[in-house]
Amino acid sequence: MIRTATIALAFLSALPLTARAAGRGELELTAIAYPQAALFEAQSDARAQAVLSTSWSGSYRVGTQWDGDFSVFGRANPEADTPVTADIREATVSYYGTALNTSIGILNEHWGVLEANNLVDIVNQRDLVEDVGGDAKLGQPGASVTWQGATKQVQIYLLPYLRERRLAEDEDRFWTAELPYADAQYERGRGVPAVAARATAYAKNVEVSVSHYWGYSREPRLAAELEAGVRPVRLVPNYDLIHQTGLELQLIKGDTIWKTEAFYRQGDNGDNFSIGAGLERKFEALLGTRVAVTPYFEVYYDNRNEDAPRTAFDHDVFVGARMAFNDIADTEVNLNILADWENDSALVELEAGRRLADDWNVAIEALAPINVDDDRTLATLRNDARLRLHITRYF
């Protein structure tokens, strides 16, 4: 993280004093309760935890052709393996020409259209300590060039080095593997740059993107380190060089959105294909009220072999619904269920939140792993049912 911060500060310090900036931040206190004791001896045995986190993001503009974006994050949790952590999620300087736009710094890119998991989203590394679901991303040093047409867009990325995936270990809850981790290994050394390209075309109701990436996989392959050649004692995260070709397709028809993502990946560990497809439909004014409900349904399949990096989206169905009450407090409720049709395991998540005042928000979240003992990806989470209360102050 120090290397990333140094690069970002160098770019931000070069901004002219005449730059106009606007930003917004938040300070969040989270109370966490775990009904069950930790599964592993090294994990914190605190059944109640308090977490303080903050983030600040915004943009700045210099004249008519230069601008940028920034986003920083910090968290303190005495019960975590790293009690205090911070990251620069984004810090870019961008130049807008007649047809080409160029950005350089700490990138934060999003690819994909699906709700539960964006299969093709590969530019940024995931932070599974801050969010086991993979929504939290680490800032990625790099540069991008974008050509923007009326109905087309082409983006090219140069990413100078890989950031390792943050994985829960030691005192952390939500381990995704049964053993501690050794130092990461790279197929050709950490400094191998990655390149990526993505082309997008827009029509009236259709958006399609095709992408290709060459570089280190963002998903580490875990190999056992053996003691006396027999007993596994640690897991070594191995980052393999891959080619990944991706496809995204989204079709809007009335109040229904149809979505598909897929990729074909080639590497020394074998080739594999992954696809996800689904839809969501919005129903306004439910039963004559102001409530709007958006149910969604997605199916995932992945044919990777057992030695490849693990995924929870190999033969799974994702169903859920988002309920917006459209009241003055912006009350919203979300229910998500991810179910594996081969071993009958499931993850169930329920969230509800609303504003308390203009700058205050409260939310509650419950997460429950169900019947995951025989699921090689989720078995380590079987004691990690969790209830969280978030109180957020915006500034």
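The values are calculated or read from the model by the stated rules, or taken from the named source; none is laboratory data. Just so you know, these numbers come straight off a predicted model, no measurement behind them. So basically every Cβ, Gly included, is an ideal-geometry build from the backbone, and we count neighbours across all protein chains shown.
Sort through Leu179, Leu226 and tell me the only one that's under 21 Å from Pro309 (Cα atoms), without any contact (Cβ under 8 Å) to a residue 12 or more places away in the chain and over 19 Å from the mean Cα position of the chain (by Cα).
Unique residue meeting the criteria: Leu226.
Taking Arg61 and the conditions (1) surrounded by fewer than 22 Cβ atoms within 10 Å (Cβ to Cβ); (2) at pLDDT 95 or above; (3) part of a strand (DSSP E or B); (4) not hydroxyl-bearing (Ser, Thr, Tyr), which numbered condition does it fall short on, given that it satisfies the others?
Result: Arg61 fails condition (2) only.
Could you please find all residues in region 327-348 being closer than 30 Å to Thr54 by Cβ, part of a strand (DSSP E or B) and without any contact (Cβ under 8 Å) to a residue 40 or more places away in the chain?
Result: Glu332, Val333, Asn334, Leu335, Leu347, Val348.
If only one of Ala80, Ala91, Ala48, Ala38 is farther than 28 Å from Val208 by Cβ, touching a strand residue (DSSP E or B) at 6+ places or on another chain (Cβ under 6 Å), modelled with pLDDT of 95 or more and surrounded by 16 or more Cβ atoms within 10 Å (Cβ to Cβ), which one is it?
Selected residue: Ala91, the only one of Ala80, Ala91, Ala48, Ala38 that is farther than 28 Å from Val208 by Cβ, touching a strand residue (DSSP E or B) at 6+ places or on another chain (Cβ under 6 Å), modelled with pLDDT of 95 or more and surrounded by 16 or more Cβ atoms within 10 Å (Cβ to Cβ).
Among the numbered conditions (1) crowded, with 16+ Cβ neighbours inside 10 Å; (2) closer than 28 Å to Gly267 by Cα; (3) of a type in the set (D, E, K, R), tell me where Arg388 comes up short.
Of everything listed in (1) crowded, with 16+ Cβ neighbours inside 10 Å; (2) closer than 28 Å to Gly267 by Cα; (3) of a type in the set (D, E, K, R), Arg388 misses just condition (2).
Could you run through region 64-77 and say how many residues are more than 30 Å from Thr176 (Cα to Cα) and surrounded by fewer than 19 Cβ atoms within 10 Å (Cβ to Cβ)?
Selection size over region 64-77: 3.
Which condition does Tyr296 not pass, out of (1) among the aromatic types (Phe, Trp, Tyr); (2) under 17 Å from Gly254 (Cα atoms); (3) surrounded by fewer than 18 Cβ atoms within 10 Å (Cβ to Cβ), if it passes all the others?
The failed condition is (3).
For region 98-130, how many residues meet the condition of being at pLDDT 95 or above and part of a loop (DSSP other than H, G, I, E, B)?
Qualifying residue count for the region: 21.
Being at pLDDT below 95 and farther than 26 Å from Gly74 by Cβ is the filter; apply it to region 152-178 and report the residue that is surrounded by the fewest Cβ atoms within 10 Å (Cβ to Cβ).
So, considering only residues that are at pLDDT below 95 and farther than 26 Å from Gly74 by Cβ, the one surrounded by the fewest Cβ atoms within 10 Å (Cβ to Cβ) is Glu178.
Can you tell me which residue in region 8-35 is nearest to Ser71 (Cα to Cα), limited to those that are at pLDDT 95 or above and either among the acidic types (Asp, Glu) or in a loop (DSSP other than H, G, I, E, B) (or both)?
The qualifying residue nearest to Ser71 (Cα to Cα) is Glu26.
Within region 91-103, does at least one residue satisfy the condition of being of a type in the set (Ser, Thr, Tyr) and touching a Gly at 6+ places or on another chain (Cβ under 7 Å)?
Within region 91-103, one or more residues are of a type in the set (Ser, Thr, Tyr) and touching a Gly at 6+ places or on another chain (Cβ under 7 Å).
Residue by residue through region 167-202, note down the ones that are of a type in the set (Phe, Trp, Tyr) and either in contact with a Pro (Cβ under 8 Å, 6 or more places away or on another chain) or not in a strand (DSSP E or B) (or both).
Passing the criteria: Phe174, Trp175, Tyr181.
Does Asn371 fit the bill of being buried (at least 17 other Cβ atoms within 10 Å of the Cβ), among the polar types (S, T, N, Q) and either free of Cβ contacts under 8 Å to residues at least 40 places away in the same chain or under 15 Å from Phe174 (Cβ atoms) (or both)?
no
Return a yes/no flag: does region 298-309 have any residue that is modelled with pLDDT of 95 or more, more than 21 Å from the chain's Cα centre (by Cα) and outside any loop (DSSP other than H, G, I, E, B).
Within region 298-309, none of the residues are modelled with pLDDT of 95 or more, more than 21 Å from the chain's Cα centre (by Cα) and outside any loop (DSSP other than H, G, I, E, B).
Among the numbered criteria (1) surrounded by 13 or more Cβ atoms within 10 Å (Cβ to Cβ); (2) under 30 Å from Pro180 (Cα atoms); (3) at pLDDT 95 or above, which one does Ala5 miss?
Failed condition: (3).
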